[in-house]
Amino acid sequence: MGGLEKISLTRESKKTQFIKGIGVTAQIITGKAYLVDRGKIEAPARVLPENQVPWEIERFQDAVEESKKQLRSAKEKLLHEDAVGPAYILDAHLLLLEDKHLIDTTVETIKQSWINSEWALKINLDRLRKIFNSIDDDYLRSRKTDLDYIEQRILRNLTGRGTESLAQIKEEVIVVAHDLSPADTAQMAKDKVTAFVTDMGGKTSHTAIMARSLEIPAVVGCETGTHYINTGDTLIVDGITGVVVINPSPEIIQEYMDRNRTRQKIERDLFQYRDLPAETLDGYRVKLLANIELVEEIPSVLEHGAEGIGLYRTEYLYLNRKELPTEEEHFQAYKTVVERTSPHPAVIRTLDIGGDKFISHLELAEEMNPAMGLRAIRFSLKEPGIFKIQLRAMLRASAYGKVKILLPMISGVSEIREVKKILNEVRLSLTAERIPYDPHIEIGIMMEVPSAATIADILAKEVNFFSIGTNDLIQYTLAIDRVNEYVAHLYEPLHPAILRLVRQMVKAAHDAGIRVAMCGEMAGEPLYVPILLGLELDDLSMNSLSIFRVKKILRSYTLRECKELVEAALQLSTPEEIEELVRASLRQKFPDEFREKFNFRTIANS
Ligand code: PEP
Ligand code: MG
C-alpha cells in the first residue's frame, strides 16, 4: 500500500506532484504544509566505565519519568475534550513505560553489561518486537508501532532533542511528518491542524483510529511521500482516495473543490433520509443498525439515525495493554454505550480475538492457522475466568438499557449450551449479590462458520437471534483468507454459495420465529441492498456512515422487486453474472449515481 505514483519527484520541485497513501477520514482539505521533525532517532551504542553505570541508570530513569509526564499531560488534554477512547491509547503507552519487562530489564541490562541507556533500551525493545512480529494478525502486529513510539519518546528525552509540541501551532496548517504518535495526534489543536499526512501507518494504526475519533482528515501510509513536501507547500489532502497533491495547479485545486462540493451536496441531500423510515416502497420495514468499535463512535451513530447498535466489537477493550480489562472497565464502556443508544438496543459481542498472545500473561502456543484456531468463542470457553468477567459486565449494563449478547464464531450447538451454563452461573452470582440485570437478556450468535449456516435450523431453536457475519462466512465458505491481498479478487459476496447460505439461514430463523441480522461489511454496501432485502433480512448493521445510502436504495425498491431479483440471481451460475444483474437493476433506479463499478466501492467506503 502507499508509495509514489510518480517516481521522478524531487523535494525542490514546485511542480504539481501526487503521492498515494491510505485515506483515513472522508474529507478533502486544502492548506499549507507544516513539516514536523519526527525523524527517527537512532540509538547510539557505547560501553561505559563501571563507575558511570549508576549515573547512567539515573539518566535512563529520568528520561522515562519525563516521557511519562509528557504522556500524562497529553492524556489530560484528551480527557478534558471528552475523548475517552483515544485517551486509552495513551494509557497503553503509559503502561509500557511502567512495564517491568521493559523498564526494569533495561536497567538490569545497563547494570550487567555496562552499556548506555539507548543501547540497553534498544536491546530490550528488539526482543519485544520479535514477539510482536510473530503475531499472525495484521491489527495486532501493527500494535508493534506502540513500542516504536515509546522508544522514540524515551530517546528524544535521553538525547535532549525534545519533541516539538503540536499544541503550539499558531496558524492553520496541514501537519506533515514521517510518523505521528497517538500522543501527537491528541495534542493537535483541532482548530489549527486542519489535516495531517504521514509516511507511516495503516488503516487500523492507532494514529488513524485517533484521527477518525477526533475527526481530523488524514492520509497515512505514504511511505517516502513526505520527502517531497516542504513547509509552506500548498497541499490537497484527499482522505477519501488517500491521494495527497503537492503544489496543485489552480485547475487541479478547482477540480478537487468541485469534487468536494459535489460530495458535500450528496452528503447534505442524504441527510434528508435521517428521520425517514427504512422501508421499501411497499412498506417492508427493516432496521438499520450501526457497527462500532469504540464508544467515541456513538455521536456518529446517533447522527445517522441508526436504530441501535447491531455489533459492538469489544476487542478494543483488550488491545494494547498488559493487563486484562477489569469488570469495572467493561461495565463502564457497556453502560455508556447502552445508555446513549437507549431506547434502542445495543448488541454487544463477546471477545473475538485471534492472536491471544497479545493478552500477555496467557502465553498460549503460536498457531499455524489462527483464523481457524483458538479464536472468539473457543478462546472464551477455554478461559471461562476471562469470559465470566465480560459476561458479568454485560449483564450489569443490561440494567441500564436494552443489551443483547452476541457470541462470535459459533460452529455448533454444544458451544451455545456451554455458554448458557456459564451465563447461568454469572446470573446466579449477580442475584446473590443483589446486583440488578435484565433477566430476559437475549442471546444471539454470529452466523459466520459454514457448519453453523448448514445447521441453522437446529441453532435457531437455541438462541434469540442470528447475526450473519459475512466477512468470515465468505472467508470460510470460499476458502479465501480475508486479509490476503493475493486472493482478494476471489472474495465474492455475490457468490451463489453465499446467497444460498444466507437464504437458508434466514428461512431457518424465520421458521423458528427469530430475527436475523447481517453485520458483515456486505450489509453496508449499496450494491447488495436489493439482494439483502429480497433475502428478507430483518436488520442490517453497518458503519454508520453507510446508513443514509443504504436507506436511500431500500426506499426505492418494493420487496416484490427485490424478491424477483433474488430469484433471478439464484438461477445464475457466477458472481459476475449476478453482479451484472443487480447493477442493471440499480442503474435503472439511479441512472446518475450508479453508472460505474467504481462508484459502489467508493460510496461504500467513504
Ligand atoms: C464478520 O465476520 O462478518 C463480522 C462482522 O465480524 P468480524 O469482522 O469482527 O470478524
Ligand atoms: Mg467475524
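So if I average 1/r over every pair of distinct C-alpha atoms in the stretch 50-159 and take the inverse, what Kirkwood radius in Å does that give?
Its Kirkwood hydrodynamic radius stands at 14.7 Å.
At a 1.4 Å probe radius, carbon and sulfur cover how many percent of the accessible area of the chain?
The nonpolar share, carbon plus sulfur, comes to 53 percent.
Which of the trypsin sites (Lys or Arg not before Pro) found in the stretch 401-499 are loop residues per DSSP with 10 or fewer other Cβ atoms within 10 Å of their Cβ?
Filter output for the stretch 401-499: R434.
Could you go through the stretch 166-175 in sequence order and give the Karplus-derived ³J(HN,Hα) for each residue, using 6.51 cos²θ - 1.76 cosθ + 1.60 with θ = phi - 60°, rounded to whole Hz, and x for Gly and Pro?
Karplus-based 3J(HN,Hα) across the stretch 166-175 equals 6, 5, 8, 4, 9, 10, 5, 9, 9, 6 Hz.
Which residues' amide hydrogens lie under 5 Å from the amide hydrogen of L289, considering only partners 5 or more residues apart or on another chain, with H built in the peptide plane?
Sorted by chain and number, the residues that satisfy this are E307, L540, S541, M542.
HN-Hα J couplings of the stretch 92-100 from phi, Karplus 6.51/-1.76/1.60, θ = phi - 60°, integer Hz, Gly and Pro as x?
Each residue's phi maps through the Karplus curve to give 4, 5, 4, 4, 4, 5, 9, 6, 4 Hz.
On a 0 to 90 degree scale, rounded to 10, what angle separates helix 250-271 from the longest Cα axis of the chain?
It is inclined by approximately 50 degrees.
Give, in nm to one decimal, the length gained when the segment between I435 and E98 is fully stretched (0.36 nm per residue of separation minus the Cα-Cα distance).
Contour length minus the Cα-Cα distance gives 117.9 nm.
Please compute the per residue accessible area over the chain with all protein chains in place, 1.4 Å probe, rounded to a whole number of Å².
43 Å²
Calculated from DSSP H runs of 4 or more alone, at -39500 (n - 2.57) each and per residue, what is the 222 nm mean residue ellipticity of the chain, nearest 500?
-14000 deg cm²/dmol
Arranged from highest to lowest average of other beta-carbon atoms within 10 Å per residue, in what order do the peptides 559-569, 447-457, 247-257 appear?
Ranking, from highest mean packing down: 447-457, 559-569, 247-257.
With axes computed from alpha carbons, what is the tilt in degrees of helix 53-80 against the longest principal axis of the chain, rounded to the nearest 10 within 0 to 90?
Around 40 degrees separate the two axes.
Give me, ordered by chain and number, the residues 5 or more places off K402 or on other chains with an amide H under 5 Å from its own placed amide H.
Excluding prolines and chain starts, which carry no amide H, the hits are A346.
Would you grab the residues whose amide H sits under 5 Å from the one on V243? Only those 5+ places off in sequence or on another chain, please, with H modelled 1.01 Å from N.
G21, D238
Using each residue's phi in the stretch 489-498, evaluate 6.51 cos²θ - 1.76 cosθ + 1.60 at θ = phi - 60° and report the 3J(HN,Hα) Karplus result to the nearest Hz, with x for Gly and Pro.
Values, residue by residue: 5, 8, 7, 10, x, 8, 4, x, 5, 5 Hz.
Starting from the residue with the highest accessible area, list M200, M522 in decreasing order, probe 1.4 Å.
Of M200, M522, the descending order of accessible area is M200, M522.
Using Cα-Cα distances under 8 Å and only pairs 6 or more residues apart, what relative contact order does the stretch 50-159 have, in percent?
Answer for the stretch 50-159 is 34 percent.
The values are calculated or read from the model by the stated rules, or taken from the named source; none is laboratory data. Computed from a predicted model, the values in this text were never measured in an experiment. Every residue, glycine among them, receives a Cβ derived from its backbone with ideal geometry; neighbour counts consider all protein chains shown. Each accessible area value is taken on the protein alone, full model and side chains, heavy atoms only, with ligands, DNA and RNA left out. Shrake-Rupley method; radii C 1.70, N 1.55, O 1.52, S 1.80 Å.
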